[in-house]
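Trainee: Sharing a structure, written as structure tokens. Questions coming.
The values are calculated or read from the model by the stated rules, or taken from the named source; none is laboratory data. All figures in this text were calculated on a predicted structure; none of them were measured in a lab. Neighbour counts are summed over all protein chains in view; Cβ atoms, including those assigned to glycine, are modelled from backbone coordinates with ideal geometry.
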Amino acid sequence: MQKLGLIVNPIAGIGGRVGLKGSDGKEVIKKAMALGAKPVSPQRAVEAPRELVPLKEKILLVTYPREMGEDEAKKAGFAPKVIGEITSGQTTAEDTKRAAREMRDLGVDLILLAGGDGTARDVYDAIGVDIPVLGVPSGVKMHSAVFAINPWAAARIAMEFLWEELPLKETEVMDLDEEAYRRGRLSAKLYGYLLTPYEPSLIQGVKFASSTTEVERDEQAAIAKHVVEEMKPNIVYILGPGTTTRAVAEELGIRNSTLLGVDLLVDRKLVAGDVNEQQILQAIEGKPATILVSPIGKQGFIFGRGNQQLSPEVIRRVGKDNILVLATPQKLALTPVLKVDTGDAKLDDELRGYIRAITGYRQTRVVKVV
Amino acid sequence: MSDWYRQARWDREGRLEPLVFELGGPGHIGYSLPKPPEHTNLPKHLLRTELRLPELSEVEVVRHYTRLSQMNYCVDLGTYPLGSCTMKYNPKLCEELASLETATCIHPYQAEGTVQGALELMYKLERCLAEIAGVARVCLHPSAGAHGEFVSMLITRAYHEFNGEQDERTQVIVPDSAHGTNPASAAMAGYEVLIVPSDARGRVDLRALEAAVSERTAAMMLTNPNTLGLFEDRVVDIVELVHDVGGLLFYDGANLNGILGKSRAGDMGFDIVHFNLHKTFATPHGGGGPGAGPVGVTQELEKFLPVPVVEYDEKRGEYYLDYDRPNSVGKVRAFYGNFGVLVKAYAYILMMGARGLEEAAEAAVLNANYVMRKLSGTRGYELKFDATGPCKHEVVFSAEPLKRETGIGAREVAKRLLDYGMHAPTYYFPPIVSEALMIEPTESESRDEIDRLINALKAIAVEASTDPEKLRAAPTVTAIGRLDEVKASREPILSWRMYRKHRA
């Protein structure tokens, strides 16, 4: 018997159809309700367990009361084990966090999480990478890589993970500034990582049947080895966020690099950690510099998602020719084209075309930037 | 239909046919060894008193290997549509000729005057291959396709060194639809690998290539037709782009089965080409055993070829081996190539003749297109790239729709095909097609056989909905069912010694 957790964020997605671009904060939810919005999440959430009903004898579905999963599970045809307590109609982020923690403590094999980026952040806050989590996309913004492409795909991935052993992978949880987003500006921060079953049909190949995390780590290490070998003295290396760039720091023996922020390296040493735009500009004043970035999240953005410290001015000062994109072959298979959204349309245009991404030790790939 | 095949399974009390070391027993004699000499010059620490070799009678040996062969599958048993491998029939006449004493009982150290026939055969095979690929000279030494690629990269290095450009030219461009060994061969020769993507038609993205070429380009490695079975119709532009920056063009000719007699690497503007005799020229696939991957070059690159080169002295009327080549990359293997393989390939070329080789390509391309047309529209399979034009010698379907609808992917389709008594197509390759099923029927298959293959693939697509468990469990009628492929490749047990250690 496999233990599968189900957490539904009942208000996720409420702001989407009415054009509010998200559902973070009580005010927004009230506003959405006033605009006649209906929760999207419960309808989407029911599709995943429904797909798993043929296997219900083999699954113990653990869920939270009422609209946080119980209703959806029953509607799908399961007889779930319901834990915890909520005040129906007034659920909050705290309920999501508590549910995640309790499911972890009960030893569930996988949590299915119906919601959006905000829900993923709550679960990350609660349990980090303690147990695997898979997102059923039902929010407004799903920039995090923890989400399956649709509820049916989520069910299939869950099935494969529970019975055929899919590898696990650290996937990005994104934090998009909803206020800025409502004003028409995308500004996403890399918030953290969740442990997600990784579906190899996206990337196929026998070697991936072992452990994607392991294979991808090896690939990241190979990229890092190449980058470090090519490093030159007196150049300021601006190391963007993410696990691929972290590998470069690790290759240099730097253990305290900033996973979610930007670090500066000179002569193979960390000279400043977690810097902001102004600090970068000061550091590169009158000095040659190189930016090392890795695509963040699912959409393949190399600028403008999770690394806004690398502002248009920073990019211009460094120069297009001094941007090194680092991406494992696996990452590029998921995002075969790269994107830029620096906030400066003219700069975005200049960055478009073809660039070279370092994909391994002495291995580069020409990739389209759109 | 699937019950017409059942593979032999020799097992005793749940154990498959034992290893040869576990068979026989003391005193089972196969043949007698000559008495060792009283005195040898070998140092004492190399002398062994105990060999621990198995002792088996002749009949035990014969039965052992016959049983193993019955638990195997081969081109002589049935359809073998393993894409990119060209598993065509190996004519028995070629095998017979290669078994003649004049081929098997000569030694590479023999005086040239006593092996004139062998030298003549190599000289003439070289001329044939040069004519087929449209190049000036060919080296027969490399013992495998990837070895041929590697030698080609060594020649590329020698060329740039000769021009004093070895320090600037550090990159080799490889399309993402290339043979998997290309990047490895370039890297082994010390080059950085620069990969260019394919466009929506499954051909090299020319704009990406424009961004890739530079004064740092040493060479580009191109497979044409590529691994999607598609002809690079902009090959002339590709060649020009690379030549314009001073790079060389390498043609991966592992598989010429789609273009024999129709187009030639040399005519397309390539500088270096390699051949896999075990694909195009019907010699058996060694599976790690003896192969042959000759390399052909233009006149300009001739001086860099490995030594020795077989030459003909008209005055003496004799063939001889020429080692006096100062610009040569040197030796790339012991002696002159896998001679037995060369004999089979030469016999095949003479047997087929120019027109025959062309017909082989025509039939191979026709068969692949027949599969493409007949299988197109089958629910579950789709063509990812250019679905309009003809393919060449192979066709790549994607089982992605099947995977999406039923959860059954290319691997399950391939495994299930074994239950139908056919070898699987290549699956999960090329990596640019998700759930790839790469089918290459070759010219050897009759229409009946190809129809059988197509019907099996269609039946499996239906089974994916009606009986998915059967596919997940497949193959079930073979001697060995599904293996733990990851374990097999990570912890292989390759010798009796390793096996003993593993068991202990």
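Trainee: Filter the stretch A:340-359 down to residues that are in contact (Cβ under 8 Å) with a residue 60 or more places away in the chain and surrounded by 18 or more Cβ atoms within 10 Å (Cβ to Cβ) and give me whichever is farthest from the other protein chains (Cβ to nearest Cβ).
Mentor: Checking each candidate, the answer is A:341.
Trainee: Just give me the residues in the stretch A:311-328 being under 17 Å from residue A:358 (Cβ atoms) and of a type outside the set (Lys, Arg), in sequence order.
Mentor: Initially, the stretch A:311-328 is screened for residues under 17 Å from residue A:358 (Cβ atoms), giving A:318, A:320-328.
Of everything in the stretch A:311-328, those that are under 17 Å from residue A:358 (Cβ atoms) and of a type outside the set (Lys, Arg) turn out to be A:318, A:321, A:322, A:323, A:324, A:325, A:326, A:327, A:328.
Trainee: Keeping to the stretch A:227-245, report how many residues are in contact with a helix residue (DSSP H, G or I) (Cβ under 8 Å, 6 or more places away or on another chain) and either part of a helix (DSSP H, G or I) or closer than 27 Å to residue A:169 by Cα (or both).
Mentor: Residues that pass the stated criteria total 6.
Trainee: Continuing with this model, one more query. Which residue out of B:114, B:181 is polar (S, T, N, Q) and surrounded by fewer than 19 Cβ atoms within 10 Å (Cβ to Cβ)? Explain how you work it out, then say what you get.
Mentor: Details: B:181 fails: surrounded by fewer than 19 Cβ atoms within 10 Å (Cβ to Cβ).
Testing whether each residue is polar (S, T, N, Q) and surrounded by fewer than 19 Cβ atoms within 10 Å (Cβ to Cβ) leaves just B:114.
Trainee: Inside the stretch B:312-358, can you point out the residues that are among the acidic types (Asp, Glu) and free of Cβ contacts under 8 Å to residues at least 24 places away in the same chain? Can you show your working first?
Mentor: Narrowing the stretch B:312-358 to residues among the acidic types (Asp, Glu): B:313-314, B:318, B:322, B:324, B:358.
Scanning the stretch B:312-358 gives B:313, B:314, B:322, B:324.
Trainee: Within the stretch B:180-190, can one find any residue that is within 14 Å of chain A (Cβ to nearest Cβ), touching a residue at least 60 places away in the same chain (Cβ under 8 Å) and either of a type in the set (S, T, N, Q) or more than 21 Å from residue B:281 (Cβ to Cβ) (or both)?
Mentor: Yes; the residues of the stretch B:180-190 include at least one that is within 14 Å of chain A (Cβ to nearest Cβ), touching a residue at least 60 places away in the same chain (Cβ under 8 Å) and either of a type in the set (S, T, N, Q) or more than 21 Å from residue B:281 (Cβ to Cβ) (or both).
Trainee: Would you mind finding the one in B:260, B:206 that is of a type in the set (A, V, I, L, M, F, W, C) and within 19 Å of the chain's Cα centre (by Cα)?
Mentor: Values: B:206 fails: within 19 Å of the chain's Cα centre (by Cα).
Criteria check complete, one pass: B:260.
Trainee: Could you tell me whether any residue of the stretch B:141-148 is away from every other protein chain (no Cβ under 12 Å), touching a strand residue (DSSP E or B) at 6+ places or on another chain (Cβ under 8 Å), part of a helix (DSSP H, G or I) and at pLDDT below 95?
Mentor: Looking through the stretch B:141-148, at least one residue is away from every other protein chain (no Cβ under 12 Å), touching a strand residue (DSSP E or B) at 6+ places or on another chain (Cβ under 8 Å), part of a helix (DSSP H, G or I) and at pLDDT below 95.
Trainee: Output the residues belonging to the stretch B:51-94 that are in contact with a Ser or Thr (Cβ under 7 Å, 6 or more places away or on another chain) and either free of Cβ contacts under 8 Å to residues at least 24 places away in the same chain or among the β-branched types (Val, Ile, Thr) (or both).
Mentor: B:86, the sole residue that qualifies.
Trainee: Of the conditions (1) under 19 Å from the mean Cα position of the chain (by Cα); (2) surrounded by fewer than 16 Cβ atoms within 10 Å (Cβ to Cβ), residue A:164 satisfies every one except a single condition; which number is it?
Mentor: (1)
Trainee: How many residues does the stretch A:124-157 contain that are touching a strand residue (DSSP E or B) at 6+ places or on another chain (Cβ under 6 Å) and in a helix (DSSP H, G or I)?
Mentor: Counting residues in the stretch A:124-157 that are touching a strand residue (DSSP E or B) at 6+ places or on another chain (Cβ under 6 Å) and in a helix (DSSP H, G or I) gives 4.
Trainee: Would you mind telling me which numbered condition in (1) closer than 21 Å to residue B:198 by Cα; (2) more than 14 Å from chain A (Cβ to nearest Cβ); (3) at pLDDT 95 or above residue B:437 fails?
Mentor: (2)
Trainee: Does at least one position in the stretch A:306-314 carry a residue that is under 24 Å from the mean Cα position of the chain (by Cα), of a type outside the set (D, E, K, R) and within 14 Å of another protein chain (Cβ to nearest Cβ)?
Mentor: Within the stretch A:306-314, none of the residues are under 24 Å from the mean Cα position of the chain (by Cα), of a type outside the set (D, E, K, R) and within 14 Å of another protein chain (Cβ to nearest Cβ).
Trainee: For residues that are out of contact with any helix residue (DSSP H, G or I) (no Cβ under 7 Å at 6 or more places or on another chain), in a loop (DSSP other than H, G, I, E, B) and not β-branched (Val, Ile, Thr), scanning just the stretch B:306-320, find the one that is surrounded by the fewest Cβ atoms within 10 Å (Cβ to Cβ).
Mentor: Step one: of the stretch B:306-320, the residues out of contact with any helix residue (DSSP H, G or I) (no Cβ under 7 Å at 6 or more places or on another chain) are B:307-309, B:311, B:313-317.
With the extra rule that they be in a loop (DSSP other than H, G, I, E, B), the set shrinks to B:307-308, B:314-317.
Retained after the next criterion (residues that are not β-branched (Val, Ile, Thr)): B:308, B:314-317.
Values: B:308: 18, B:314: 7, B:315: 5, B:316: 9, B:317: 8.
Taking the candidates together, the pick is B:315.
Trainee: For the stretch A:56-100, which positions are among the polar types (S, T, N, Q), out of contact with any Ser or Thr (no Cβ under 8 Å at 6 or more places or on another chain) and outside any strand (DSSP E or B)? Let's see the steps before the verdict.
Mentor: Narrowing the stretch A:56-100 to residues among the polar types (S, T, N, Q): A:63, A:87-88, A:90-92, A:96.
Add one more test, that the residue is out of contact with any Ser or Thr (no Cβ under 8 Å at 6 or more places or on another chain), and what stays is A:63, A:87-88, A:90-92.
Hits for the stretch A:56-100 are A:87, A:88, A:90, A:91, A:92.
Trainee: Additional query: Quick one: in the stretch B:478-498, of everything that is touching a residue at least 24 places away in the same chain (Cβ under 8 Å) and under 17 Å from residue B:411 (Cα atoms), which residue is nearest to the other protein chains (Cβ to nearest Cβ)? Talk me through it step by step, then tell me what you get.
Mentor: As a first pass, look at the stretch B:478-498 and keep what is touching a residue at least 24 places away in the same chain (Cβ under 8 Å): B:478-480, B:482, B:496.
After this cut, where a residue has to be under 17 Å from residue B:411 (Cα atoms) as well, the list is B:478, B:480, B:482.
Values: B:478: 18, B:480: 17, B:482: 12 Å.
In this case the residue turns out to be B:482.
Trainee: Taking the options B:124, B:88, name whichever one is of a type in the set (Lys, Arg), over 21 Å from residue B:334 (Cβ atoms) and in a helix (DSSP H, G or I). Don't jump to the end; show me each part of the working.
Mentor: Working: B:88 fails: in a helix (DSSP H, G or I).
None of the other options fit; the residue is B:124.
Trainee: Taking residue A:117 as the residue in question, decide whether it is on the phi < 0 side of the Ramachandran plot and touching a Lys or Arg at 6+ places or on another chain (Cβ under 8 Å).
Mentor: Numbers: on the phi < 0 side of the Ramachandran plot: yes; touching a Lys or Arg at 6+ places or on another chain (Cβ under 8 Å): yes.
So residue A:117 fits the description; yes.
Trainee: On to the next question. Please go through the stretch A:251-271 and pick out each residue that is among the hydrophobic types (A, V, I, L, M, F, W, C) and surrounded by fewer than 17 Cβ atoms within 10 Å (Cβ to Cβ). I'd like the intermediate steps shown before the answer.
Mentor: Just the residues of the stretch A:251-271 that are among the hydrophobic types (A, V, I, L, M, F, W, C), to begin with: A:252, A:254, A:259-260, A:262, A:264-266, A:270-271.
The answer is A:259, A:271.
Trainee: Moving on to the next point. Might you let me know whether the stretch B:193-216 holds any residue that is free of Cβ contacts under 8 Å to residues at least 12 places away in the same chain, farther than 15 Å from residue B:240 by Cα and within 9 Å of chain A (Cβ to nearest Cβ)?
Mentor: There is no residue in the stretch B:193-216 that is free of Cβ contacts under 8 Å to residues at least 12 places away in the same chain, farther than 15 Å from residue B:240 by Cα and within 9 Å of chain A (Cβ to nearest Cβ).
Trainee: Taking the condition within 14 Å of chain B (Cβ to nearest Cβ) and modelled with pLDDT under 75, does residue A:186 pass?
Mentor: Numbers: within 14 Å of chain B (Cβ to nearest Cβ): no; modelled with pLDDT under 75: yes.
Against the criterion (within 14 Å of chain B (Cβ to nearest Cβ) and modelled with pLDDT under 75), residue A:186 does not qualify.
Trainee: Okay, next question. Quick check on the stretch A:323-334: of everything there that is buried (at least 18 other Cβ atoms within 10 Å of the Cβ), in contact with a Pro (Cβ under 9 Å, 6 or more places away or on another chain) and more than 13 Å from residue A:222 (Cα to Cα), which residue is nearest to the other protein chains (Cβ to nearest Cβ)?
Mentor: Applying the filter and picking the extreme gives A:332.
Listed here are the residues, each with its yes/no results for (1) crowded, with 18+ Cβ neighbours inside 10 Å; (2) hydroxyl-bearing (Ser, Thr, Tyr); (3) at pLDDT 90 or above.
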position: A:48; (1), (2), (3): yes, no, no
position: A:56; (1), (2), (3): no, no, no
position: A:64; (1), (2), (3): yes, yes, yes
position: A:70; (1), (2), (3): yes, no, yes
position: A:74; (1), (2), (3): no, no, yes
position: A:81; (1), (2), (3): no, no, yes
position: A:85; (1), (2), (3): no, no, yes
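Trainee: Right, something else. Within the stretch B:70-84, does at least one residue satisfy the condition of being part of a helix (DSSP H, G or I) and over 23 Å from residue B:420 (Cβ atoms)? Even if it seems obvious, please write down each step before you answer.
Mentor: Quick first cut of the stretch B:70-84, residues part of a helix (DSSP H, G or I) only: B:70.
Adding the requirement that they be over 23 Å from residue B:420 (Cβ atoms) leaves none.
So far as the stretch B:70-84 goes, no, none of its residues is part of a helix (DSSP H, G or I) and over 23 Å from residue B:420 (Cβ atoms).
Trainee: While we're here: Would you mention how many residues in the stretch B:151-170 are touching a residue at least 24 places away in the same chain (Cβ under 8 Å) and surrounded by fewer than 23 Cβ atoms within 10 Å (Cβ to Cβ)?
Mentor: So the first thing to find is which residues in the stretch B:151-170 are touching a residue at least 24 places away in the same chain (Cβ under 8 Å), and the list is B:151-160, B:162, B:165, B:168-170.
Checking which are surrounded by fewer than 23 Cβ atoms within 10 Å (Cβ to Cβ) leaves us with B:154, B:157-158, B:160, B:162, B:165, B:168, B:170.
Total meeting the criteria: 8.
Trainee: If we scan the stretch B:419-442, do we find a residue that is farther than 26 Å from residue B:178 by Cβ, crowded, with 23+ Cβ neighbours inside 10 Å, within 26 Å of the chain's Cα centre (by Cα) and among the hydroxyl-bearing types (Ser, Thr, Tyr)?
Mentor: Yes: one or more hits.
Trainee: Hey, another quick one. Counting residues that are modelled with pLDDT under 95 and under 25 Å from the mean Cα position of the chain (by Cα), which helices (runs of 4 or more DSSP H) fully inside the stretch B:445-499 reach at least 2? Spell out how you get there, then give the answer.
Mentor: Working: elements: B:447-466, B:468-473, B:485-490.
Result: B:485-490.
Trainee: Only one of these conditions is not met by residue B:378: (1) away from chain A (no Cβ under 14 Å); (2) not in a loop (DSSP other than H, G, I, E, B). Which number is it?
Mentor: Looking at each condition in turn, residue B:378 falls short on (2).
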